[in-house]
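Chemist: First, the structure itself, so that you have it in front of you.
The values are calculated or read from the model by the stated rules, or taken from the named source; none is laboratory data. As the structure is a prediction and not an experimental result, all values here were calculated from the model. With ideal geometry, Cβ positions are generated from the backbone for all residues, glycine too; neighbour counts draw on all protein chains shown.
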Amino acid sequence: MRADHEIDVAVIGAGQAGLSAAYFLRRAGVSGESGFVVLDHGKRPGGAWQYRWRSLRMGKVHGIHDLPGMALGAVDPELPVSEVLPAYFDRYEHAFDLPLRRPVDVRSVRLTEDGRFLVESATDSWLARGVLNATGTWDKPFRPYYPGVESFRGPQPHTADYTGAREFAGRRVVVVGGGTSAVQLLLEIAEVAAETTWVTRRPPVFREQEFTPEFGRAVVAEVDRRVREGKPPGSVVSVTGLQLTPEVEAALRAGVLDRRPMFQRVTPDGVRWADGTEQRVDVIVWATGFRSALDHLAPLRLREPGGGIRMDGTRVATLPRLHLLGYGPSASTIGANRAGRAAVRDLLAELGQPLDPVTRGPARSASAA
């Protein structure tokens with residue numbers, strides 16, 4: 001099989017997980033022309049953070065964790081996330097001289113007869129002995145189907161389309177979704193909209209207790225159990241609940257977060273409830289989350305009958321030289337860091353390049369394996 005480039009490891013995606021993996025590959029001494037490359041389809045650094053709405057400020061974001069080896073440092077909480085984190089990622093890429101290629105849109109990953117992976121974009125191809133996939137979820141917004149949804153005359157933006165509350169001024173808005181993003185959007189939109197309605201499939205659970213390390217480990221263990229069985233990871237909020245911050249408490253008292261169960265169908269001018277009553281609506285916002293962006297891995301036929309991918313840690317159980325970072329239990333910024341370290345360690349062992357316990361570098365060249 002011929003390709004434009006032959007390398008040891010291809011990292012796909014340059015968000016938190018991809019950069020973490022690249023850092024640990026660099027630290028392990030995987031370098032040179034046949035070392036590794038990071039392929040990112042973004043036009044600039046920042047992963048999914050660069051696409052977040054400008055009104056999302058640093059002080060409102062939960063769970064941002066430093067990339068390994070370089071702290072973000074003190075940041076003004078009023079600055080937009082879409083500015084601060086891309087700038088941080090940019091500094092990080094240059095500080096560690098990471099071999100980034102962008103914009104590269106990876107279209108497919110195939111297995112060759114000799115057991116390597118053929119990674120293809122529209123213009124280039126790479127033969128890699130191992131793949132660390134870190135493509136996240138932002139490119140795969142999920143929009144559930146409800147009867148009549150195609151007949152609605154108004155706009156139906158997804159969270160991924162949201163740019164700010166100003167476009168909803170004076171309008172009647174339904175926000176669909178039970179996650180943190182739905183709550184964040186509701187709090188902003190309610191300040192300018194004529195009317196807001198919050199709709200979820202299940203009653204929301206607000207968590208008053210502190211998010212302790214013990215609770216975090218329990219959440220990760222539950223998601224890990226699902227993916228080891230080949231089931232889809234499920235939503236994080238279904239396990240963690242919604243954090244009851246002072247801002248959320250105020251919104252509950254004001255009635256902004258008075259939740260209604262799902263409507264039965266969408267009509268041209270609104271939504272219809274199970275009791276037959278219809279509510280006129282100008283905009284439906286689908287804050288219904290994302291799915292893992294893994295379409296480029298379809299040629300590898302990884303999906304189990306239930307729709308998930310059977311995992312062993314970060315490794316795909318059926319293809320140990322393929323690791324999914326940011327999938328399942330590693331779908332958080334701190335989880336991505338840990339996954340990057342574990343994936344590099346395990347992949348290099350699979351490639352016959354165990355880390356030297358003293359130097360933390362490679363015991364021998366991966367090319368020699």
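Chemist: Identify the single condition in (1) of a type outside the set (Ser, Thr, Tyr); (2) within 28 Å of the chain's Cα centre (by Cα); (3) over 19 Å from residue 200 (Cβ atoms) that residue 269 does not satisfy, given that it satisfies every other one.
Modeler: (2)
Chemist: Still on this model: Scan region 11-23 for residues that are surrounded by 24 or more Cβ atoms within 10 Å (Cβ to Cβ) and outside any loop (DSSP other than H, G, I, E, B) and jot them down.
Modeler: Result: 11, 12, 16, 17, 18, 19, 20, 21, 22.
Chemist: While we're on this one: Considering every residue within region 59-79, establish whether at least one is surrounded by fewer than 18 Cβ atoms within 10 Å (Cβ to Cβ), outside any loop (DSSP other than H, G, I, E, B) and of a type in the set (Gly, Ala, Ser). Talk me through it step by step, then tell me what you get.
Modeler: Narrowing region 59-79 to residues surrounded by fewer than 18 Cβ atoms within 10 Å (Cβ to Cβ): 59-66, 69-79.
Remaining after also requiring outside any loop (DSSP other than H, G, I, E, B): 59-60, 70.
Now narrow it down to the ones that are of a type in the set (Gly, Ala, Ser): 59.
Within region 59-79, one or more residues are surrounded by fewer than 18 Cβ atoms within 10 Å (Cβ to Cβ), outside any loop (DSSP other than H, G, I, E, B) and of a type in the set (Gly, Ala, Ser).
Chemist: State yes or no: is residue 184 at pLDDT below 95 and assigned to a helix (DSSP H, G or I)?
Modeler: Judged against the criteria, residue 184 is a match.
Chemist: I would also like to ask the following. Sort through 76, 66 and tell me the only one that's of a type in the set (D, E, K, R) and over 16 Å from residue 336 (Cα atoms).
Modeler: From the options 76, 66, the qualifying one is 76.
One line per residue, one yes/no per condition, for (1) assigned to a loop (DSSP other than H, G, I, E, B); (2) at pLDDT below 90:
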| residue | (1), (2) |
| --- | --- |
| 225 | no, yes |
| 256 | yes, no |
| 260 | no, no |
| 263 | yes, no |
| 279 | no, no |
| 299 | no, no |
| 305 | yes, yes |
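Chemist: Follow-up question, since we're still on this one. Those residues that are in contact (Cβ under 8 Å) with a residue 60 or more places away in the chain, of a type in the set (Gly, Ala, Ser) and over 21 Å from residue 105 (Cα atoms), I need them from region 3-31; list them, please. Step through it out loud before you land on a result.
Modeler: Restricting attention to region 3-31, the residues satisfying the condition of being in contact (Cβ under 8 Å) with a residue 60 or more places away in the chain are 3-30.
Filter once more, so that each one left must be of a type in the set (Gly, Ala, Ser): 3, 10, 13-15, 17-18, 20-22, 28-29.
If the condition is that a residue be in contact (Cβ under 8 Å) with a residue 60 or more places away in the chain, of a type in the set (Gly, Ala, Ser) and over 21 Å from residue 105 (Cα atoms), then 28, 29 are the ones that fit.
Chemist: For region 272-290, which residues satisfy the criterion of being surrounded by fewer than 14 Cβ atoms within 10 Å (Cβ to Cβ) and either within 18 Å of the chain's Cα centre (by Cα) or hydrophobic (A, V, I, L, M, F, W, C) (or both)?
Modeler: Selection gives 274 alone.
Chemist: Among strands (runs of 3 or more DSSP E) lying entirely in region 104-174, which contain 2 or more residues that are surrounded by fewer than 18 Cβ atoms within 10 Å (Cβ to Cβ) and more than 19 Å from the chain's Cα centre (by Cα)?
Modeler: 108-111
Chemist: Same structure, new question: Which of the residues belonging to region 125-165 are within 30 Å of residue 336 (Cβ to Cβ) and without any contact (Cβ under 8 Å) to a residue 24 or more places away in the chain?
Modeler: 161
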